[in-house]
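This is the structure, below, for whatever I ask next.
The values are calculated or read from the model by the stated rules, or taken from the named source; none is laboratory data. Values in this document were obtained by computation on a predicted structure and should not be read as measured data. Positions of Cβ are generated from backbone atoms using ideal geometry, with glycine treated the same way; all protein chains shown enter the neighbour counts. These accessible areas exclude ligands, DNA and RNA; they are computed on the full protein's heavy atoms, side chains included. Shrake-Rupley method; radii C 1.70, N 1.55, O 1.52, S 1.80 Å.
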Amino acid sequence: MCGIIGYIGHRNVEEVLLKGLQTLEYRGYDSAGVVLLDSNGTAQVQKCVGKVQNLIVQCKKAPVNDALCGMGHTRWATHGGVTNLNAHPHQSGKVTLIHNGIIENYQELANEYHLADQVISETDTEVVAALLNRFYEGDPVKTIRTVASKLKGTYAFGIIFSDIKDKLFAIRHVSPIIAGVGKDKKEAFLSSDVTALSEYVADYFVIPEDVVTILEAGKITLLDACDQEVFVNHLTIDWETGAIGKNGYEFYMEKEIMEQPQVIVNTVMPRCKDGLPDLSVDHIPDDIWTKYEKITIIACGTAMHAGLVAKNLMQSLLRLPVTVEIASEYIYSDPVIDDTTLVIAISQSGETIDTLEAVRYARKHGADNLSIVNVKGSTIARESQFVLYTNAGPEIAVASTKAYITQLVSLYILICQMAYMRGIFLKEKAMQFMSSLLALPGQIEQVLADRASVHALTKDMIGAKDLFMIGRGLDYTALLEGSLKLKEISYIHSEAYASGELKHGTIALITPETPVITLITQKKLASKELSNAIEVKARGAKVVMLTTKAIPLEDPSQWEHIYYLPALPSEFMIFPAVVALQLIAFYVSKEKGLDVDKPRNLAKVVTVE
Ligand code: AGP
């Protein structure tokens, strides 16, 4: 969704804001803007459509060097098109406002308070700015509370009252926003997430919901509805500031693909003791692993694809019924929930509202819940009964890669623990399973070291309008993820298809020249997958086969493009397979000259339903 940055302190405010917006740009990049409150009490706004770089150029034409505080915003459009007028910040009288979220009753409020003549944009945010200004009579805290009490929907607001030059204000409801005091205790920051603060603050905190937050240079005060000061837990930043840079790569996505061996180690090692799974670091009670009869996995997008892999393995190894639910469908599907169900939510950001609402729904209806999350202290992490943090570090590229792979290894550890605690795995099997996980970094390194060969596979894909990916079982779940990667960063209409299902209609779409990627790594399914690959080849498709030397091919020469992945036990083949598919998507997007990290229409965190 949107990116929010606020600053009050001794630095050049404009510089801090623009640098922060560049870091937050991955969250949404339709338009960007800043407001700078200068020593005369003038709140100067600069905003424009497009990337933050456009805003930087615009600000250079009229720099503000004496600003006392300010805020910045990158927008992912919800209400109103991508225009300068709809870009944030929005101003009304003495109020300047930036917003992440959706106000559902903004039109009713505009009518009730006759704001139409004061609102020139199409946004819900400008209505709130006008409302704040309408109620403002010199008491900012009272004004914020009054207006917040009238809103329905989600919001993280940054607010400036231009007659108050030494304070910034904030309040949130569902949408995420964090704050922190600078290391020198002489400045304060507001941000949508910690990536924009990590060089300035030693620790930070998530602003509690519905609490008015007052930022001053070196001090942050939180006031509840009774004007009582609220004290919160602070979180420390557990990665090097450099972790947010590109470290020499042209795109974050490439850097994050290359980081996967290391983040697997970072996620597995703390949960492996004497060769056995050990999740005591996550403070999850042991009975969790044995007491449930059903498992429901809830997630969106890539995280949901990780859930599909877990379903496949849980059913085959644990013999447990598992459902994987698209989070945005779950709470509207009248799900059957009881205390024999463990609900596992998966979310990189921990802020995806569809997944958050699903977790809330499941817990309200009596299910126990464990969430697998990457961003520490995120809303889903804080609202879950148990949390297993992936240690992928900050993932900046919109297309998720290293977060997905750490979701997978986390699920594999959890499955191994369940199998061991249920007596399905004896000790040596559990140790063998864990050692297979610990061998993955080296095996993935092999694919990464050979990425030029993977790149060579893409030549017939660059110009494609449609592309199919076919496989069965775990291969199919890998292809669902590979297909999403290709769609979201290359804009090719790619479809992953269970290869056995293709002939029931969709094969009609296969024409000569249609690129088809077939993934064949599952020994028990390989012969059938091969037959399905022959079916599309017979219809002229340009087939790229990803397989291993462990899968016997009668006549390899009949296939124009074969890429051999490292041969691992079938249940671990998904790891090198997905890395190859990530690389394919990356190279196709890069060859097409697209912005790999910030694809059109997308945002890294989706905090609206
Ligand atoms: C992944 O490449 C996509 N950007 C998207 O599907 C993402 O996985 C989905 O929005 C879920 O996000 P989350 O993991 O932060 O909840």
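Determine the distance separating the Cα centre of region 393-455 from the Cα centre of region 52-75; give it in Å without decimals.
43 Å
If you don't mind, another one. Please work out the Cα convex hull volume for region 450-538 and give it in Å³ per residue.
100 Å³
A follow-up question, please. What three numbers, in Å, describe the spread of the alpha carbons of region 67-127 along their principal axes, ordered from the longest?
35, 25, 18
Using the reciprocal of the averaged 1/r over all distinct C-alpha pairs, how large is the Kirkwood radius of region 1-65 in Å?
12.0 Å
With contacts defined as alpha carbon pairs under 8 Å and 6 or more residues apart, what's the relative contact order of region 1-68 in percent?
On the way: 101 pairs, mean separation 23.3, N = 68.
It rounds to 34 percent for region 1-68.
I've got another one for you. Describe numerically, in nm with one decimal, the distance between label points set 7 Å from Cα along Cα→Cβ at residue 554 and at residue 199.
Rounded to a tenth, the inter-label distance reads 6.1 nm.
Summing -39500 (n - 2.57) over the DSSP H runs of n ≥ 4 in the chain and dividing by its residue number, what mean residue ellipticity at 222 nm do you reach, to the nearest 500 deg cm²/dmol?
Details: 17 runs with 197 residues, N = 609.
After summing the helix terms and dividing by residue count, I get -10000 deg cm²/dmol.
Separate question: Output the 0 to 90 degree angle, nearest 10, between the alpha-carbon long axis of helix 574-591 and the longest principal axis computed from the alpha carbons of the chain.
That helix lies at roughly 60 degrees to the long axis.
For region 32-185, what is the accessible area per residue in Å² when the probe is 1.4 Å?
That works out to 38 Å² per residue.
Turning to a different aspect of this structure: Would you mind getting the accessible area per residue of region 320-455, heavy atoms of the protein chains only, 1.4 Å probe, in Å²? Numbers along the way, then the final one.
Working: 4440 Å² over 136 residues.
Dividing the accessible area of region 320-455 by its residue count gives 33 Å².
I'd like the accessible area for residue 459, computed on protein heavy atoms only with a 1.4 Å probe and all protein chains in place. Round to 10 Å², please.
120 Å²
Can you tally the lysine pairs in region 290-398 where the Cα-Cα distance is under 20 Å and the two residues are eight or more apart, or on different chains?
On the way: 291/311; 291/364; 294/311; 294/364.
Taking region 290-398 as the scope, the lysine pair count is 4.
Sticking with this one: By how many nm would the segment from residue 601 to residue 183 lengthen if fully extended, with 0.36 nm per residue of separation less the alpha-carbon distance? Could the numbers behind the result be given before it?
Working: separation 418, 0.36 × 418 = 150.48 nm, distance 3.64 nm.
Stretched fully, the residue 601-residue 183 segment lengthens by 146.8 nm.
Still on this structure, I have one more. Inverting the mean 1/r over all pairs of different Cα atoms, compute the Kirkwood radius of region 307-440 and quote it in Å.
Working: mean 1/r = 0.0642 Å⁻¹.
One over the average 1/r among Cα pairs gives 15.6 Å for region 307-440.
Of 185/246; 19/47; 183/219, which ones are farther than 18 Å apart at the Cα?
On the way: 185/246 29 Å; 19/47 15 Å; 183/219 11 Å.
Too far apart for the 18 Å limit: 185/246.
Here's a follow-up. Return the percentage of antiparallel bridges among DSSP beta bridges fully within the chain, rounded to the nearest 5 %. Please list the in-between numbers first.
Values: 59 of 99 bridges.
Counting DSSP beta bridges with both partners in the chain, the antiparallel share is about 60 percent.
Can you return the lysines within cross-link range of residue 429? Criterion is Cα-Cα under 18 Å, with same-chain partners fewer than 8 residues away left out.
273
Follow-up. For region 498-547, just say rounded, prolate or oblate: build the C-alpha gyration tensor, square-root its eigenvalues into a ≥ b ≥ c, call rounded for a/c under 1.5, and beyond that prolate if a/b exceeds b/c, oblate if not. Intermediate values should be presented prior to the final figure.
Working: a/c = 2.37, a/b = 1.43, b/c = 1.65.
Cα axes put region 498-547 in the oblate bin.
Follow-up. Please state the Cα pair-distance histogram of the chain with 10 angstrom bins from zero: what percent is in each bin?
3, 16, 25, 24, 17, 10, 3, 0, 0
Could I ask something else about it? Starting from the Kirkwood radius over alpha-carbon pairs of region 107-197, derive D by Stokes-Einstein at 37 °C in a medium of 0.692 mPa s and give it in µm² s⁻¹.
225 µm²/s
Related question: How would you order 555-563, 404-412 from highest to lowest mean count of nearby Cβ atoms within 10 Å? Let's see the in-between values first.
Working: 555-563: 12.9, 404-412: 26.7.
Order by mean packing, descending: 404-412, 555-563.
If I stretch the segment between residue 609 and residue 422 completely, what's the gain in nm (0.36 nm per residue apart, minus their alpha carbon distance), one decimal? Show your work: numbers first, answer last.
Details: separation 187, 0.36 × 187 = 67.32 nm, distance 3.80 nm.
Contour length minus the Cα-Cα distance gives 63.5 nm.
Among rounded, prolate and oblate, which fits region 538-603 when a ≥ b ≥ c are the square roots of the eigenvalues of its C-alpha gyration tensor, a/c under 1.5 means rounded, and a/b larger than b/c means prolate?
Numbers: a/c = 3.17, a/b = 1.59, b/c = 2.00.
It comes out oblate by the Cα gyration axes.
For region 327-375, what's the radius of gyration and Dmax over Cα atoms, in angstrom?
10.3, 29
Sort region 268-312 into rounded, prolate or oblate with this rule: let a ≥ b ≥ c be the square roots of the eigenvalues of the Cα gyration tensor; rounded if a/c is under 1.5, and if a/c is not under 1.5, prolate when a/b is larger than b/c, oblate otherwise. Before the final figure, lay out each step's value.
Details: a/c = 2.36, a/b = 1.48, b/c = 1.59.
Cα axes put region 268-312 in the oblate bin.
What is the pair-distance distribution P(r) of region 238-303, computed from all Cα-Cα distances in 10 Å bins starting at 0, with each bin given as a whole percent?
14, 30, 34, 17, 4
How are the C-alpha pair distances of region 19-125 spread across 10 Å bins, as whole percents from the shortest bin up?
Result, from short to long distances: 15, 45, 31, 9, 0 percent.
Would you please calculate the Kirkwood hydrodynamic radius of region 297-353 over all C-alpha pairs and express it in Å, rounded to one decimal? Walk me through the numbers before you get to the answer.
On the way: mean 1/r = 0.0839 Å⁻¹.
Computed over Cα pairs of region 297-353, the Kirkwood hydrodynamic radius comes out at 11.9 Å.
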